[in-house]
1. I'm trying to understand the selection: among the residues of region 4-15, which are surrounded by 14 or more Cβ atoms within 10 Å (Cβ to Cβ) and either touching a helix residue (DSSP H, G or I) at 6+ places or on another chain (Cβ under 7 Å) or not in a helix (DSSP H, G or I) (or both)?
2. Do we have any residue at all in region 16-29 that's part of a loop (DSSP other than H, G, I, E, B) and either surrounded by 12 or more Cβ atoms within 10 Å (Cβ to Cβ) or at pLDDT below 85 (or both)?
3. Within region 33-50, how many residues turn out to be on the phi < 0 side of the Ramachandran plot and loosely packed, with under 14 Cβ neighbours inside 10 Å?
4. Among what's in region 34-57 and is assigned to a helix (DSSP H, G or I) and small (Gly, Ala, Ser), pick the residue that is farthest from the chain's Cα centre (by Cα).
5. Considering (1) of a type outside the set (D, E, K, R); (2) surrounded by fewer than 17 Cβ atoms within 10 Å (Cβ to Cβ); (3) modelled with pLDDT of 95 or more, say which one residue 1 fails and leave the rest.
6. So the check is Cβ under 8 Å with 6+ separation or different chains; which pairs have a first residue in region 40-55 that's under 18 Å from residue 75 (Cβ atoms) and a second one that's at pLDDT below 95 and charged (D, E, K, R)?
Amino acid sequence: MVRLPLSPDELERGRRLGALLRRARGDRSMLDVALVAGVSPETLRKIETGRIATPSFATIAAVAGVVGLSLDELWAAVHPSLQQTPPTTARPSLGGLGRAGVAASGGVRS
C-alpha cells in the first residue's frame, strides 16, 4: 500500500502535537510515560519530535491520558485556527417527506 505524502499543514500539526506532549510529560521519563501508555518509547520519541505526524487516535488518547491532557486540549493546540468556529449540529433533511412520509417509509416511528 502506497502512503501519500503529508501536506505541510499535516506536518506542522504533527510538530505541534509532539511539542505539546513533550511539555506535558514534564520531568517524567519517556520510558515511564510510554510504558504506562502502552506504546514503545521509540514511538513516543518519534511523536514528540514530529517524526510521526499522524499517529493513531488510540496512541494519542493513551499518551494524553498518561500526561494529563484532555483530547479537547490537544485539539485546541493542534488546530488553533478551528478554535474560533463552534461546532454545529445539522439535522438531516427529510427530503420533503415530512414526519408522516418518513414513518410510512419505515424511517422514524413515533
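The values are calculated or read from the model by the stated rules, or taken from the named source; none is laboratory data. The structure displayed is predicted, hence computed values, not measured ones. We place every Cβ from the backbone using ideal geometry, glycine too, and count neighbours over all the protein chains shown.
1. The answer is 13, and nothing else.
2. In the first step, residues of region 16-29 are kept if they are part of a loop (DSSP other than H, G, I, E, B); the result is 26-29.
Remaining after also requiring either surrounded by 12 or more Cβ atoms within 10 Å (Cβ to Cβ) or at pLDDT below 85 (or both): 28.
Looking through region 16-29, at least one residue is part of a loop (DSSP other than H, G, I, E, B) and either surrounded by 12 or more Cβ atoms within 10 Å (Cβ to Cβ) or at pLDDT below 85 (or both).
3. Keep residues of region 33-50 that are on the phi < 0 side of the Ramachandran plot, which gives 33-37, 39-49.
Filter once more, keeping what is loosely packed, with under 14 Cβ neighbours inside 10 Å: 40, 42, 49.
Residues meeting the conditions: 3.
4. Taking region 34-57 first, the residues assigned to a helix (DSSP H, G or I) are 34-37, 41-48, 57.
The next check asks that each one be small (Gly, Ala, Ser); those that pass are 34, 37.
On the way: 34: 18, 37: 16 Å.
If we take residues in region 34-57 being assigned to a helix (DSSP H, G or I) and small (Gly, Ala, Ser), then 34 is farthest from the chain's Cα centre (by Cα).
5. The number of the failed condition is (3).
6. 50/15; 53/10; 53/13; 53/15; 54/10
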